[in-house]
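Read the structure below first, then the notes.
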Amino acid sequence: MTSEQLQGRRVVITGGASGIGMVTAEAFVQAGCRVVVIDRDKRALQQAVEALGPTTAGITADVSDPASIHDAFLGVDRALGGVDVLIANAGISVRRRFLEISSEEWRRVIATNLDGVFFCAQEAGLRMMKGEGGVLLLMGSTNGLVGYPYYASYNASKAGVIELTRSLSIELAPKVRVNAICPGYVMTPMQEREYTPAMLEKVNGTIPLRRHARPEEIAHLFLFLASDRARYIHGQALVIDGGELAGGLASAGVTGDEST
Ligand code: NDP
């Protein structure tokens with residue numbers, strides 16, 4: 001659908017050595033894009049780039065460090081000569097009760113998920129504004145839209161990404177289009193690390209579509225939003241959650257009326 005429209009676009013994906021980022025990198029390569037994957041995990045990055053093939057380059061960088069991001073984008077300049085699409089996807093989560101979150105954990109989550117998105121968007125945005133424009137796609141989450149227990153730092157970081165999206169969409173328009181994606185539960189290594197099989201089953205039971213998203217379903221939304229078919233979608237936080245948020249308690253099958 002979108003491949004001919006994205007052919008030749010220069011795409012930068014952070015956190016592209018695993019999970020959603022890796023599957024998204026595959027999707028953009030298949031659509032004919034030139035892709036640079038940025039990740040801190042050197043070995044996983046090397047494997048991903050080898051699997052993705054010759055139109056892809058990998059740059060090892062830590063998105064929680066603005067200097068590392070700056071250097072990474074100098075590498076992007078050398079590899080691609082600019083950026084048409086940024087997918088600021090790298091992120092981490094720490095499952096911990098609010099009262100037990102340490103200052104180190106709080107700073108690490110905010111530095112990765114919010115500072116990382118901020119500085120990558122700034123580096124890419126500078127290049128897009130000087131050049132022909134482009135598309136910024138920032139990784140939010142349903143956790144940035146409603147409250148969830150045990151993820152206060154993560155939730156705050158994602159709410160920040162959503163507000164950042166709205167602010168950038170005003171400052172950088174009309175040259176640069178900016179949107180956030182807010183997935184619900186997606187089956188990736190991040191999720192597998194934190195949820196036991198019993199927890200996964202319980203969560204699936206509360207999602208109207210009764211399952212986690214597959215990473216490729218998130219990748220398809222990124223493809224669409226990067227394409228010109230989405231040219232009037234701007235400043236939005238697009239939810240892709242199998243209906244998780246649609247009806248509040250009712251989405252989870254709690255109606256308060258046993259006869260229904
Ligand atoms: P994964 O852990 O599978 O992949 C994330 C990748 O980002 C990993 O390769 C990771 O490296 C890398 N990364 C982490 N921190 C940094 C850093 N400081 N600098 C560079 N790279 C880094 O996670 P997912 O694919 O599940 O998540 C991707 C994004 O999607 C995240 O922003 C997450 O918050 C968001 N999201 C995920 C959902 C889910 O249910 N899975 C739901 C909603 C949003 P390493 O392995 O070393 O950590």
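If the chain linking ARG97 and GLU132 were pulled fully straight, counting 0.36 nm for each residue of separation and taking away their Cα-Cα distance, it would gain 8.0 nm. Taking the average, over residues, of other Cβ atoms within 10 Å as the packing measure, peptides 7-20, 31-44 rank 7-20, 31-44 from highest down.
Applied to the stretch 120-135, the Karplus parametrisation 6.51 cos²θ - 1.76 cosθ + 1.60 on θ = phi - 60° returns per-residue 3J(HN,Hα) values of 5, 5, 5, 4, 5, x, 4, 5, 5, 5, 6, x, 8, x, x, 10 Hz, with x for Gly and Pro.
Partner lysines whose Cα lies under 26 Å from the Cα of LYS175, excluding those fewer than 8 positions away in the same chain, are identified as LYS130, LYS158.
Amide H to amide H, with H built 1.01 Å from N, LEU238 comes under 5 Å of ALA180, ILE181, CYS182, counting only residues 5 or more places away or on other chains. The Cα center of the stretch 146-193 and the Cα center of the stretch 11-88 differ in position by 19 Å. Computed from backbone phi, the HN-Hα couplings of the stretch 172-184 come to 9, 6, x, 6, 10, 8, 10, 9, 10, 10, 10, x, x Hz, rounded to whole numbers (Karplus: 6.51 cos²θ - 1.76 cosθ + 1.60, θ = phi - 60°; Gly and Pro given as x). Per residue, the convex hull spanned by the Cα atoms of the stretch 47-152 measures out at 122 cubic angstrom. Mean residue ellipticity at 222 nm, helices only, the chain: -13500 deg cm²/dmol; runs of at least 4 DSSP H residues each add -39,500 (n - 2.57), and the sum is divided by the number of residues. Segment ASP77..LEU209, full-extension length gain: 43.3 nm, with 0.36 nm per residue of separation and the alpha-carbon distance subtracted. Taking all protein chains into account, the per residue accessible area for the chain stands at 49 Å² (1.4 Å probe). In this calculation the C-beta distance from ARG231 to GLU105 is compared with R0 = 35 Å, giving a FRET efficiency of 0.30. In a DSSP loop and with at most 16 other Cβ atoms within 10 Å, the GluC sites (Glu not before Pro) in the stretch 152-260 are GLU258.
Each label was represented as a point 7 Å from its Cα along the Cα-to-Cβ direction; for GLN122 and GLU171 these points are 0.9 nm apart. With viscosity 1.002 mPa s and temperature 20 °C, the Kirkwood radius over alpha carbon pairs of the chain converts through Stokes-Einstein to a diffusion coefficient of 115 µm²/s. Computed in the context of the full set of protein chains, the accessible area of the stretch 2-241 at 1.4 Å probe radius has 54% of its extent on carbon or sulfur.
The gain in end-to-end length when the ASP41 to GLU192 segment is fully stretched comes to 52.6 nm, 0.36 nm per residue minus the alpha carbon separation.
The values are calculated or read from the model by the stated rules, or taken from the named source; none is laboratory data. It should be emphasised that the depicted structure is a prediction, and the values quoted were computed from it without experimental measurement. Neighbour counts run over all protein chains shown; Cβ positions are idealised from the backbone, glycine included. Quick note on the areas: whole protein, heavy atoms, side chains included, nothing else; ligands and nucleic acids left out. Shrake-Rupley method; radii C 1.70, N 1.55, O 1.52, S 1.80 Å.
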